[in-house]
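Here is the structure we will look at.
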Amino acid sequence: MKELVKKAIKVLESNWQGNFTIPCKGLYPFQWNWDSGFIAIGLAHFDMTKAKKEISTLLNAQWGNGFIPHIIFHNESDTYFPGPDYHCAHLHPHASNKYKSSGITQPPVIGFVLQELYRIATNKSDIIRYIEEVIDKVYQNHKYFYENRDPFNEGLVYIYHNWESGTDNSPVWDSIFEKINSPEYNFKRRDTAHVDPEQRPSKKEYDHYLHILEIAKKHHYDDEKIAELSPFLVQDPLFNSMLIKSNQSLIELYDLIGKKQENMAQLKKWQEKSIRAFNEKLFDEELGAYIHYDLRNNKSIKYISSSSFTPLYAGIPNQNRALKMVTTLIEKFGREDNYLCASFDPTSNKYNPVKYWRGPIWININWMLYKGLKNYGFNKLAYQVKNDSIELVEKIGFYEYFDPRKELYTNESKGLGGTDFSWTAALIIDLLNENQMP
Ligand code: DGY
């Protein structure tokens with residue numbers, strides 16, 4: 001196991017850029033928002049200075065309105081599309097004038113990442129000082145979400161682009177895209193030069209992705225206009241779980257540092273409302289899991305994906321409901337000849353075990369599932385998720401995503417997507433170190 005940790009550290013060191021970490025060479029050559037959060041958790045185990053730097057660099061690119069972009073283009077690179085000149089984030093009046101970025105965001109993980117850094121730190125007073133320095137920025141980010149992404153004041157925030165979900169090409173979005181009449185754009189894909197196109201979104205899907213961006217750009221990334229006009233407007237259980245988990249972490253961290261009682265009080269109000277709305281609106285009794293809500297077309301999207309179980313990590317369901325979810329998880333995803341946990345329902349005809357978010361296993365989701373299941377006392381299943389994650393990486397390396405089918409794994413097997421992928425390495429370090437933690 002020590003060997004695996006050493007290899008993981010090597011991956012993170014080779015992707016380190018001096019003040020942030022790229023997710024993966026070639027395929028993702030800039031700083032990505034939620035990647036950085038997960039990466040910081042791994043860095044914290046062997047170099048807390050780098051972990052803090054990772055987060056600070058991301059927060060430095062925060063906009064004047066509290067928004068944190070999904071990509072920060074710190075450097076030049078011609079290996080990625082769409083780059084800064086396509087996103088044109090400067091169109092928004094509050095965009096950073098120091099950093100080029102996208103104008104869409106990603107799941108808000110930084111709140112709980114700060115709490116993870118506190119958990120991992122051996123020098124608690126140093127990390128408390130750091131948390132004091134940055135916590136208000138994260139609070140401002142949550143304030144941005146509640147004030148700009150919740151048009152009906154429900155306690156649930158929307159995403160307006162599938163790239164904001166982190167689960168880019170999930171079949172969950174298919175019914176939305178079917179309704180959108182996107183033009184055929186002329187552009188040069190870069191991702192498919194690095195990775196087998198079979199494992200990446202299709203051209204048609206990219207047309208939709210660009211079309212939604214074009215609408216946002218046309219309105220200078222104005223949130224009100226986006227809420228009114230974007231054909232993609234979704235309340236996503238993964239995204240809202242991340243916000244709720246991070247709310248809780250911020251509440252506990254404000255309590256720890258004993259400052260800004262008014263922020264803590266506000267967070268508690270958001271939290272109560274969000275958890276209630278989440279439970280009332282996003283749980284589907286028949287499916288036995290949380291699902292997405294299509295706010296543009298006013299209907300639930302009746303598919304189960306790995307996002308459906310991330311509310312366990314945020315402590316959202318009560319114990320009864322959690323048990324129901326676990327039953328669904330085992331029934332749909334738990335075949336003995338599959339590793340856990342596929343990113344999309346393996347019993348669905350839309351399941352594809354090699355294509356990005358349409359089936360393959362992702363280590364960040366497994367990490368959350370492991371923690372969530374354990375918190376509810378489902379220890380056997382929790383350890384199965386943890387052990388499957390470690391076994392996959394040990395067998396074939398630090399890939400971006402993994403085919404769930406066990407029979408495919410031989411000594412020559414390769415994983416899917418990018419190689420030497422940073423959050424895979426970072427979270428494996430965390431999973432392996434956990435037993436040594438006090
Ligand atoms: C990609 O390029 O696939 C990214 O996930 C978008 O952020």
Report the net charge of residues surrounding Thr57, where surrounding means a beta-carbon distance below 13 angstrom and charges are Lys +1, Arg +1, Asp -1, Glu -1. +3
For Lys218, give me every one of the lysines with a C-alpha distance below 17 angstrom, ignoring sequence neighbours fewer than eight places off in its own chain. none
Proximal charge balance of Ile22 [Cβ under 15 Å; K/R count +1, D/E count -1]: -3
What is region 137-280's relative contact order, in percent, from Cα pairs under 8 angstrom and six or more apart in sequence? 34
Out of Ser305, Thr327, Leu282, whose Cα points farthest toward the positive end of the dipole of region 206-357 (charges: +1 Lys, Arg; -1 Asp, Glu; placed on Cβ)? Leu282
The relative contact order of the chain, taking Cα pairs under 8 Å that sit 6 or more residues apart, comes to a percentage of 18
Which pairs in the list Lys302/Lys406; Lys281/Lys355; Lys203/Lys302; Lys179/Lys302 are over 20 Å apart, alpha-carbon to alpha-carbon? Lys302/Lys406; Lys281/Lys355; Lys203/Lys302
Taking the Cα atoms of region 254-402 alone, what are Rg (to one decimal) and Dmax (as a whole number) in Å? 17.0, 52
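Can you pull the semi-axes for region 58-124, root of five times each eigenvalue of the Cα gyration tensor, sorted largest first, whole Å?
The three semi-axes for region 58-124 are 27, 14, 10 Å.
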Per the Kirkwood formula on distinct C-alpha pairs, the Rh of region 57-192 is how many angstrom? 17.2
On full extension of the chain, what length is gained from Thr122 through Ala265, given 0.36 nm per residue of separation minus the C-alpha to C-alpha distance? 48.6 nm
Classified through the alpha carbon gyration tensor (a ≥ b ≥ c as square roots of its eigenvalues; rounded if a/c is under 1.5, else prolate when a/b is larger than b/c, else oblate), the chain comes out rounded
With just the Cα atoms defining each centre, how far is region 244-310 from region 179-198? Give it in Å. 33
In whole angstrom, note down how far apart the Cα centers of region 327-391 and region 48-77 are. 30
Environment charge of Tyr383, counting only residues whose C-beta is closer than 14 Å and scoring Lys/Arg +1, Asp/Glu -1: +1
Computed over region 238-335, the relative contact order (Cα-Cα under 8 Å, seq sep at least six) in percent reads 27
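Could you give the length gained by full extension between Lys406 and Asp174, i.e. 0.36 nm per residue of separation minus their alpha carbon distance, to one decimal place?
Working: separation 232, 0.36 × 232 = 83.52 nm, distance 2.78 nm.
Roughly 80.7 nm would be gained on extension.
Expected output is a single nm value to one decimal: the length gained when fully extending between Leu229 and Glu133, i.e. 0.36 nm times separation in residues minus the C-alpha distance. What is it?
Gain on extension, Leu229 to Glu133, equals 30.8 nm.
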Descending Cα extents along the principal axes, region 1-86, whole Å: 43, 28, 18
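Can you list the equivalent-ellipsoid semi-axes of region 92-154, largest first and in whole Å, using the square root of 5 times each Cα gyration tensor eigenvalue? All intermediate terms of the calculation are to be shown ahead of the outcome.
Numbers: eigenvalues 146, 51, 22 Å².
So the three semi-axes of region 92-154 are 27, 16, 10 Å.
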With the crude spin-label approximation of a point 7 Å out along Cα→Cβ, what separation in nm comes out for Asn186 versus Glu214? 1.3
With DSSP loop assignment and no more than 12 other C-beta atoms within 10 Å, the GluC sites (Glu not before Pro) in region 196-259 are none
What are the aspartates and glutamates whose alpha-carbon lies under 16 Å from the alpha-carbon of Lys204, with same-chain residues fewer than 8 places away excluded? Asp168, Asp174, Glu178, Glu184, Asp191, Glu214
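All of the numbers you see were taken from the coordinates with simple rules; none came from a lab. Model, not experiment: these values are computed from the prediction. We place every Cβ from the backbone using ideal geometry, glycine too, and count neighbours over all the protein chains shown.
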